[in-house]
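Take a look at the structure set out below.
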Amino acid sequence: MQKEAQVSVEAMVSIVIVIMIFLFALGFTFSKRSELLNTEKYLEKRKECSSVANAITQTKLLGDGAETRLTAISNVSIYNKSMLIAVQDRKEIAYCTIEKLRIGNYTNITGNLLIKNINGKINITRIL
């Protein structure tokens with residue numbers, strides 16, 4: 001005589017519940033990973049923003065004729081009236097502040113930059 005295996009309804013329900021818990025945990029993990037990646041991208045932009053602000057301040061403090069070279073990976077914009085620097089790419093943007101300086105407004109500069117102090121005015125040019 002051949003025995004047929006039967007699975008009880010309770011066993012099936014418990015297996016489905018376990019699978020659902022694992023799927024929920026997987027979805028939660030992916031969500032948190034996405035948030036972590038976005039935070040990491042923002043912090044990279046913030047770091048670059050601080051580097052630009054530090055280079056500008058350093059050039060000012062070194063006095064007339066001082067030069068500082070800097071490589072900007074993302075687009076950098078400097079807004080003198082609001083004393084803001086914005087570093088951005090397609091999705092992320094980070095702001096930092098600079099002290100009130102004699103500096104022009106610059107929009108979307110990137111690449112190798114030369115920051116000069118000419119008679120107390122900060123000038124930024126892109127170099128090749």
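The values are calculated or read from the model by the stated rules, or taken from the named source; none is laboratory data. Everything numeric in this text was worked out from a predicted model, so none of it was measured. Note that we place each Cβ from the backbone using ideal geometry, even for glycine, and neighbour counts take in every protein chain shown.
Remarks
- Residue count, the stretch 68-84 (criterion: part of a strand (DSSP E or B) and among the basic types (K, R)): 1
- If you go through the stretch 61-77 and pick out every residue that is surrounded by 15 or more Cβ atoms within 10 Å (Cβ to Cβ) and farther than 30 Å from E35 by Cβ, you end up with 3.
- Only one of the listed residues (I109, I73, I78) is closer than 18 Å to L43 by Cβ and at pLDDT 90 or above. That residue is I73.
- Whichever residue in the stretch 85-108 is within 17 Å of the chain's Cα centre (by Cα) and part of a loop (DSSP other than H, G, I, E, B) and, among such residues, is surrounded by the most Cβ atoms within 10 Å (Cβ to Cβ): E92
Matching residues to (1) free of Cβ contacts under 8 Å to residues at least 40 places away in the same chain; (2) in contact with a Pro (Cβ under 7 Å, 6 or more places away or on another chain); (3) small (G, A, S):
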residue	(1), (2), (3)
I15	yes, no, no
T39	yes, no, no
S50	no, no, yes
A53	no, no, yes
G65	no, no, yes
A72	no, no, yes
N80	yes, no, no
D89	no, no, no
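- Filter result for T59 (among the hydroxyl-bearing types (S, T, Y) and under 30 Å from K121 (Cβ atoms)): yes
- Screening the stretch 8-36 for residues that are among the hydroxyl-bearing types (S, T, Y) and surrounded by 10 or more Cβ atoms within 10 Å (Cβ to Cβ) and picking the one that is nearest to E92 (Cα to Cα) gives S34.
- Residue match in the stretch 16-37 (condition: part of a helix (DSSP H, G or I) and within 19 Å of C96 (Cα to Cα)): no
- From the list A55, A86, the lone residue that is among the small types (G, A, S), over 20 Å from Y42 (Cβ atoms) and out of contact with any Asp or Glu (no Cβ under 9 Å at 6 or more places or on another chain) is A55.
- Here G111, G65 are screened, and the one residue that is outside any strand (DSSP E or B) and at positive phi is G65.
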